[in-house]
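Q: Pasting in a structure now, in structure tokens, and then I'll have a few things to ask.
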């Protein structure tokens, strides 16, 4: 009996050691960009993958180009990217306003899989577009509702309207230079400021600028009742947040697809067909999540943990 007990204990030890070694070998690198929504999605993916036994390294605070290069050279395995950013910035295609959310997602998914061995999983229809916003009183004073209205104000004042954007937006192919060409205006250099992500929102909050760059899911928009100038000529493509995984990683760990698609499905319409109603609900869900960090001052990992517990993906 003693020999049998020793045998059982040794066997259990070897099995647990073997399983532990397998779990330790399940290593992936998750990347995220350098603004609130990306900090949160990075933590959501990290924590839910860890729940399923993965050893996750998180690389945060990346620019769009740095994160993309990481995917392409293999230093990043998993990230969440926006369809419009991939289409125009990374793949270099012009945007056709006739392309809808589902069509653009399908095109990006097909091209990136064939040309770059990158797998786009199910999309979150949150359309986190760039936008320009103003305080309600400024909008009322100048009768501003659309980007065409704002473009007319710039032209009328020789571009001398104080405007604050982030640095990346000043250089992107779907950023300010292209927007100026598209809507036929030019901001005077003396009245244009650039800064790190979030600086434009802070400047607008403190009324240090008349026009500020925001994202469609920024919690500050609802908090301050800002007027977001409608993109009436449809310059911006859909920007729907979607997990992206390198093909080699997905071949090695096919379960990642199911794990991350389950995460996507917790958001309104995630993984289902696009509708305007689902997009609106998803934007509100992300605005609330962003608000947990920007307004309630929670850390991104805490906000992500609370969300995952609430939706039953990890234990509290």
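Q: Check every one of the strands (runs of 3 or more DSSP E) wholly within segment 41-132 and list those with 2 or more residues that are over 22 Å from residue 286 (Cβ atoms).
A: Those strands (runs of 3 or more DSSP E) span 55-62, 118-120.
Q: Continuing with the same structure: Is at least one residue of segment 74-82 more than 30 Å from residue 205 (Cα to Cα), loosely packed, with under 15 Cβ neighbours inside 10 Å and either free of Cβ contacts under 8 Å to residues at least 40 places away in the same chain or out of contact with any strand residue (DSSP E or B) (no Cβ under 8 Å at 6 or more places or on another chain) (or both)?
A: Checking segment 74-82: not a single residue is more than 30 Å from residue 205 (Cα to Cα), loosely packed, with under 15 Cβ neighbours inside 10 Å and either free of Cβ contacts under 8 Å to residues at least 40 places away in the same chain or out of contact with any strand residue (DSSP E or B) (no Cβ under 8 Å at 6 or more places or on another chain) (or both).
Q: Then there is this: Would it be correct to say that residue 201 is in a loop (DSSP other than H, G, I, E, B), outside the structural domain of residue 275 (by TED's automatic domain parsing) and surrounded by 15 or more Cβ atoms within 10 Å (Cβ to Cβ)?
A: no
Q: Tell me which residues, restricted to segment 176-193, are surrounded by 15 or more Cβ atoms within 10 Å (Cβ to Cβ) and under 14 Å from residue 231 (Cα atoms).
A: If the condition is that a residue be surrounded by 15 or more Cβ atoms within 10 Å (Cβ to Cβ) and under 14 Å from residue 231 (Cα atoms), then 176, 178, 179, 180, 182, 183 are the ones that fit.
Q: So, one more: Using the structure shown, decide if residue 248 is assigned by TED's automatic domain parsing to the domain that holds residue 282, out of contact with any helix residue (DSSP H, G or I) (no Cβ under 7 Å at 6 or more places or on another chain) and either assigned to a loop (DSSP other than H, G, I, E, B) or in contact (Cβ under 8 Å) with a residue 24 or more places away in the chain (or both).
A: Against the criterion (assigned by TED's automatic domain parsing to the domain that holds residue 282, out of contact with any helix residue (DSSP H, G or I) (no Cβ under 7 Å at 6 or more places or on another chain) and either assigned to a loop (DSSP other than H, G, I, E, B) or in contact (Cβ under 8 Å) with a residue 24 or more places away in the chain (or both)), residue 248 qualifies.
Q: May I ask you to verify whether residue 217 is more than 18 Å from the chain's Cα centre (by Cα), in contact (Cβ under 8 Å) with a residue 40 or more places away in the chain, surrounded by 15 or more Cβ atoms within 10 Å (Cβ to Cβ) and in a loop (DSSP other than H, G, I, E, B)?
A: Spelling it out, it is not the case that residue 217 is more than 18 Å from the chain's Cα centre (by Cα), in contact (Cβ under 8 Å) with a residue 40 or more places away in the chain, surrounded by 15 or more Cβ atoms within 10 Å (Cβ to Cβ) and in a loop (DSSP other than H, G, I, E, B).
Q: While we're looking at this one, here's another question. Name the residue, out of 239, 169, that is part of a loop (DSSP other than H, G, I, E, B), closer than 21 Å to residue 80 by Cβ and modelled with pLDDT of 95 or more. Show your work before the answer.
A: Numbers: 169 fails: part of a loop (DSSP other than H, G, I, E, B).
It is 239.
Q: Restricting to segment 172-198, count the residues that are more than 23 Å from the chain's Cα centre (by Cα), part of a helix (DSSP H, G or I) and touching a residue at least 24 places away in the same chain (Cβ under 8 Å).
A: Total meeting the criteria: 4.
Q: A further question follows. Check segment 108-118 and report whether any residue there is surrounded by fewer than 19 Cβ atoms within 10 Å (Cβ to Cβ), farther than 16 Å from residue 237 by Cβ, touching a helix residue (DSSP H, G or I) at 6+ places or on another chain (Cβ under 6 Å) and at pLDDT 95 or above.
A: Yes.
Yes or no, residue by residue, for (1) crowded, with 20+ Cβ neighbours inside 10 Å; (2) touching a helix residue (DSSP H, G or I) at 6+ places or on another chain (Cβ under 8 Å); (3) not assigned by TED's automatic domain parsing to the domain that holds residue 70:
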{"residue": "258", "(1), (2), (3)": "no, no, no"}
{"residue": "267", "(1), (2), (3)": "yes, yes, no"}
{"residue": "282", "(1), (2), (3)": "yes, no, no"}
{"residue": "298", "(1), (2), (3)": "no, yes, no"}
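The values are calculated or read from the model by the stated rules, or taken from the named source; none is laboratory data. All values reported here derive from a predicted model rather than from experimental measurement. Positions of Cβ are backbone-derived with ideal geometry, glycine not excepted, and every protein chain shown enters the neighbour counts.
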